[in-house]
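Below is one structure; the comments refer to it alone.
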Amino acid sequence: QVHLVESGGGLVQAGGSLRLSCSVSGTMFSSNTMGWYRQARCKERELVADITSGGSTNYADSVKGRFTFSRDNFKNKVYLQMNSLKSEEPAVYYCVRYTPSGTNWGQGTQVTVSS
């Protein structure tokens, strides 16, 4: 069974940085596109970024230039480096694995930004 586990969330001051990690087990994910989503309280889940198997990235306009999505296929992990976090960005951040038959989601990790 495939499991995705996010880590690295926490409390940070506005302008600070966090690095989220997502470990994938139960499968090799090197051929899969991976993504990070976030969901703030009372808001819909939104795409933050995704990365193809070849390492090409796509970012939401709101995070371009501040967030960096990377992957380590040997470790079966992806990372989201978040810099210059804004006070409006607290949310639960989710890791997702895309497959031809559907998606696998992690449980999420909470990011809190204090102003």
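Taking all protein chains as present, what is the carbon and sulfur share of the accessible area of the range 1-94, in % to the nearest whole number, probe 1.4 Å?
Working: 2290 of 5020 Å².
Roughly 46 percent of what the probe reaches on the range 1-94 is carbon or sulfur.
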| message | I'd like the accessible area for Trp105, computed on protein heavy atoms only with a 1.4 Å probe and all protein chains in place. Round to 10 Å², please. | response | 90
| In square angstrom, rounded to the nearest 10, how much accessible surface does Asp72 have for a 1.4 Å probe? | 40
| Using +1 on the beta carbon of Lys and Arg, -1 on that of Asp and Glu, and nothing else charged, what's the dipole of the chain about the Cα centre, debye to 20? | 140
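Which of the peptides 83-95, 8-20 is most tightly packed, and how do the rest follow, going by the mean number of other Cβ atoms within 10 Å of each residue? Walk me through the intermediate numbers first.
Details: 83-95: 18.2, 8-20: 15.0.
In descending order of packing, they fall as 83-95, 8-20.
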| request: Among the chymotrypsin sites (Phe, Trp or Tyr not before Pro) in the range 44-78, which ones are in a DSSP loop with at most 14 other Cβ atoms within 10 Å of the Cβ? Mind listing them? | output: Phe74
| note | HN-Hα couplings for the range 56-68 via Karplus (6.51, -1.76, 1.60; θ = phi - 60°), in whole Hz with x for Gly/Pro, come out as 6, 10, 9, 10, 5, 4, 5, 10, 4, x, 10, 9, 9
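Considering only protein heavy atoms, what per residue accessible area in square angstrom results for the chain with a 1.4 angstrom probe? Walk me through the numbers on the way to the answer.
Numbers: 6180 Å² over 115 residues.
It amounts to 54 Å² per residue over the chain.
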| request: Taking H placed 1.01 Å from N in the peptide plane, check which residues at least 5 places from Gly108 or on another chain put their amide H under 5 Å from its amide H. | output: Glu6, Cys95
| For the chain, what's the radius of gyration and Dmax over Cα atoms, in angstrom? | 13.4, 41
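Can you give the relative contact order of the chain as a percent, counting alpha carbon pairs under 8 Å and 6+ residues apart? Spell out each step's value before the answer.
On the way: 281 pairs, mean separation 42.2, N = 115.
After rounding, I find 37 percent.
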| task | Just name one of Ser53, Gly65, Val5: the one whose Cα is farthest towards the positive end of the charge dipole of the chain (beta-carbon charges, Lys/Arg +1, Asp/Glu -1). | result | Val5
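The values are calculated or read from the model by the stated rules, or taken from the named source; none is laboratory data. Note that the coordinates shown come from a computational prediction; the quantities given were computed from them, not determined experimentally. All Cβ positions, glycine included, derive from the backbone under ideal geometry; neighbour counts span all protein chains shown. Each accessible area value is taken on the protein alone, full model and side chains, heavy atoms only, with ligands, DNA and RNA left out. Shrake-Rupley method; radii C 1.70, N 1.55, O 1.52, S 1.80 Å.
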